[in-house]
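The values are calculated or read from the model by the stated rules, or taken from the named source; none is laboratory data. This one's a predicted model, so the numbers in the text were calculated from it and none came from an experiment. Because the Cβ atoms are built from the backbone with ideal geometry, glycine has one as well, and the counts that use them run over all protein chains shown.
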Amino acid sequence: MAGFRFRIVKDKTDFNFMGVHKFTFALSALMTVAVVFLLFTKGLNLGIDFTGGVLMEVKPPAGMHIDKIRSALHGMSHGSPTIQEFGQDAVLVKIPGREADAATQKAINAEVQQRLPGAEFRRVEYVGPHVGSELISAGITAFVYSMIGILGYIWVRFEWQFGVVAVFALAHDMLATLLFFLVTQIEFDLSTVAAALLVAGYSINETVVVFDRIREMLRKYRRTPMPEVVNLSINDVLGRTLMTTLTTFMSMAALCIFGGEGIKGFTYAMLVGILFGPYSSMFFSAPLLTYLNVRRGPDEAGEKRGRKLTEQKA
């Protein structure tokens, strides 16, 4: 067993990532169109954080199933509630768009208690529509500032081409996450925004690893065509990328299964981001660099030989 190493992929792989880049570019374009179309036709299932309203966690009377709860709460005078199961013995009652004033709170509590006699109120939250609009603005601002910061870091760390491509890759991952929530209609709330920002950090980490290897290969193989350099670079870090993705995915999957209903949106967003982060770095951002005029650095070995010859002549 001495010297045994677990490998997901063999050493010195030679997959032709550039060979399918036009197909993956087309998929990314299709995804963008789908996001825009669904945003205007279907929209996100925004949570109480953004829409404002009343959120109740209620333990119904024994033997009362969710269908009966929906029938009992149908036609409430304070709005049309949505009811979903929460854990093993509770439901979430959401009434969007209501002002968070004391009179409305008491009236809603009384009406729900009247329609569900014997129910236990475990949690009641109120968010005004004005607060919801402020949270939307704050979430967009946080995302924009994070993109600017990442662009600045990559620009300083590498070159402007790498920075621009990195921002495009992050936008690509955000669109993939957004498409997931548009299609599934899972509630989109503040915890999902937090997950999206974490996905941005995870994605940029994968992108920087690939970019660093591309820069190293550009110095090493100055006469090699750019598509071949990109293929060499991605294959060189493929094992590391897949291992990181697998371990992170397993931990988030466990959190998704055992973490409870309250963090479902967060974990789903993280899972989608974990899958699309490596995908975008290998099939989107790295191939996109081949269309930009990336400046190749000096050959390190050539520089050493030149310095040695100069010293000998001196």
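Quick notes on this structure:
- Answer from Met282, Met252, Met243 - the residue that is assigned to a helix (DSSP H, G or I), over 23 Å from Val165 (Cβ atoms) and touching a residue at least 24 places away in the same chain (Cβ under 8 Å): Met243
Quick grid of which residues meet (1) at pLDDT below 75; (2) not small (Gly, Ala, Ser); (3) not assigned by TED's automatic domain parsing to the domain that holds Glu216:
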| residue | (1), (2), (3) |
| --- | --- |
| Thr104 | yes, yes, yes |
| Ala107 | no, no, yes |
| Ala110 | no, no, yes |
| Val144 | no, yes, no |
| Val164 | no, yes, no |
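- Extreme residue, nearest to Gln88 (Cα to Cα), among residues of the stretch 38-78 that are under 34 Å from the mean Cα position of the chain (by Cα), in a loop (DSSP other than H, G, I, E, B) and at pLDDT 75 or above: Gly47
Conditions (1) in a helix (DSSP H, G or I); (2) at pLDDT 80 or above; (3) polar (S, T, N, Q), marked per residue:
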residue	(1), (2), (3)
Phe121	no, no, no
Val131	yes, no, no
Glu134	yes, no, no
Trp155	yes, no, no
Phe168	yes, yes, no
Met174	yes, yes, no
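- Any hit, the stretch 264-279, residues being in contact with a Phe, Trp or Tyr (Cβ under 7 Å, 6 or more places away or on another chain), farther than 19 Å from Thr177 by Cβ and part of a helix (DSSP H, G or I): no
- If the condition is being of a type in the set (Val, Ile, Thr) and surrounded by 17 or more Cβ atoms within 10 Å (Cβ to Cβ), then the stretch 165-189 contributes Val165, Val167, Thr177, Ile186.
- For the stretch 139-163, the set of residues classified as free of Cβ contacts under 8 Å to residues at least 24 places away in the same chain and surrounded by 17 or more Cβ atoms within 10 Å (Cβ to Cβ) consists of Leu151, Gly163, listed by residue number.
- Enumeration of residues in the stretch 196-234 that are over 21 Å from Met252 (Cβ atoms) and charged (D, E, K, R): Asp212, Arg213, Arg215, Glu216, Arg219, Lys220, Arg222, Arg223, Glu228
- Yes/no for Thr207 being surrounded by 19 or more Cβ atoms within 10 Å (Cβ to Cβ), among the hydroxyl-bearing types (Ser, Thr, Tyr) and more than 13 Å from the chain's Cα centre (by Cα): yes
- Unmet criterion (only one of (1) in contact with an Asp or Glu (Cβ under 9 Å, 6 or more places away or on another chain); (2) at pLDDT below 80; (3) assigned to a helix (DSSP H, G or I)) for Glu125: (3)
Okay, residues lined up against (1) modelled with pLDDT of 85 or more; (2) of a type in the set (Ser, Thr, Tyr); (3) crowded, with 23+ Cβ neighbours inside 10 Å:
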{"site": "Val229", "(1), (2), (3)": "yes, no, yes"}
{"site": "Asn235", "(1), (2), (3)": "yes, no, no"}
{"site": "Gly239", "(1), (2), (3)": "no, no, no"}
{"site": "Met250", "(1), (2), (3)": "yes, no, no"}
{"site": "Cys256", "(1), (2), (3)": "no, no, no"}
{"site": "Gly259", "(1), (2), (3)": "no, no, no"}
{"site": "Thr267", "(1), (2), (3)": "yes, yes, no"}
{"site": "Tyr279", "(1), (2), (3)": "yes, yes, no"}
